[in-house]
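Only the coordinates and a few stated rules stand behind these numbers; no lab work does. Keep in mind the model is a prediction, meaning the values are calculated, not measured. Cβ coordinates were reconstructed from backbone atoms using ideal geometry, including for glycine residues, and neighbour counts include every protein chain displayed.
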Amino acid sequence: MSTATQRMVLPHGGGLWNGVKTGILLLLLTGLLLAIGQAVGGTTGIEVAFAVALAMNFVSYWWSDKIALAVHGAQPLPREQAPWLYDLVDGLAVRAGVSPPPIYVIPTRTPNAFATGRGPRHAAVAVTQGILELMDRRELAGVLAHELGHVRNRDTLTMTVVATIAGAISMIGSLLRWTAIFGGFGGSNDRDRGASGLELIFLAVVAPIVATLIQLAISRRREYAADETGAELSGDPGALADALERLESGNRAMPFDAAPAMAHLFIVNHLSGRGLTGLFSTHPPIEERVARLRAMETRGL
């Protein structure tokens with residue numbers, strides 16, 4: 001095997017900066033959870049909120065990959081049925097410095113793919129039957145490199161943590177709204193016991209919205225970073241750019257609506273928007289992703 005194939009790809013400065021911004025957003029999300037816990041129950045509320053987040057993350061850490069694969073009906077693909085595909089993934093995994101992941105197939109004609117798992121040594125890649133039929137090997141290499149970029153960057157774990165914290169905030173917000181409806185808030189302003197009724201109502205409405213916006217912002221950052229890492233792994237940014245354009249068309253023609261709560265996992269989400277609606281999208285606009293990849297191609301990575 002050549003030295004070029006064996007080398008691990010190091011992130012550019014832009015990838016490092018994306019990681020820093022993701023870390024800041026994750027800290028904001030965690031701070032929001034602790035703040036809503038403090039508002040509900042003072043010091044005890046913070047402790048309870050932290051315990052809830054810890055428990056949810058423990059479950060997600062160990063079982064999120066199995067849940068994601070099962071929800072989409074993904075089936076293991078035996079190596080003997082597609083040795084060329086395994087060779088492609090194995091080669092990219094070596095360049096990424098991660099363990100070659102098992103490959104699963106989702107029985108749908110919609111072209112798409114996602115990676116899941118708790119880390120570089122415990123990951124899986126799922127591709128749809130549609131993407132295997134639509135893509136040539138060059139484009140498929142770009143897509144698989146993107147997914148292994150997620151694995152290498154530990155995005156699968158990051159987004160699991162983000163989703164569980166945001167989910168806990170939304171759950172607490174929902175409970176607070178129901179409490180308000182049934183008149184459960186008292187009039188105490190004792191700061192050691194938490195916030196007043198009006199403050200809790202405000203948090204119940206605003207906190208879940210802010211948590212969702214932070215979650216989606218992190219997801220978009222991770223997609224940009226995976227595009228960059230994937231382009232480096234494959235050595236062909238244009239292949240991923242071409243694949244994204246074809247995937248966008250394919251998903252518009254045959255949208256895959258199963259498990260919308262897990263749409264952030266896939267390389268393309270046909271519900272992604274532009275402008276203000278882009279704030280509520282799990283993915284950046286395809287046009288922006290393609291433009292960045294074309295720029296990488298022009299400057300030779």
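Of the peptides 236-248, 99-111, 159-171, 40-52, how do they stack up when ordered by the mean number of other Cβ atoms within 10 Å, highest first?
Ranking, from highest mean packing down: 236-248, 159-171, 99-111, 40-52.
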Taking θ as phi - 60°, what are the ³J(HN,Hα) couplings along segment 200-215 by the Karplus curve (6.51, -1.76, 1.60), each to the nearest whole Hz, with x for Gly and Pro? 5, 4, 4, 4, 4, 8, 7, 4, x, 5, 4, 4, 5, 4, 5, 4
List every residue whose amide H lies under 5 Å from the amide H of THR108, counting only residues 5 or more places away in sequence or on a different chain, with H placed 1.01 Å from N in the peptide plane. GLN129, GLY130
Segment 33-192: mean projected area of Cα convex hull, nm²: 11.7 nm²
Could you give me the ³J(HN,Hα) list for segment 221-234, computed from phi with Karplus coefficients 6.51, -1.76, 1.60 and θ = phi - 60°, whole Hz, x at Gly and Pro? 4, 5, 5, 4, 5, 5, 4, 5, 5, x, 5, 5, 5, 7
Hey, can you grab everything whose amide H is under 5 Å from the amide H of ARG118? Only 5+ residues off in sequence or another chain; H modelled, so Pro and N-termini drop out. none
Residues meeting the amide H criterion for SER281 (H placed from the backbone, H to H distance under 5 Å, 5 or more places apart or on another chain) are GLY273
Note down the magnitude of the dipole of segment 26-115 about its Cα centre, charges +1 on Lys and Arg C-beta and -1 on Asp and Glu C-beta and zero elsewhere, to the nearest 20 debye. 140 debye
So what J values fall out for segment 107-123 if you push phi through Karplus, 6.51 cos²θ - 1.76 cosθ + 1.60 with θ = phi - 60°, rounded to Hz, Gly and Pro as x? x, 8, 7, 5, x, 5, 6, 8, 10, 8, x, 8, x, x, 9, 9, 10
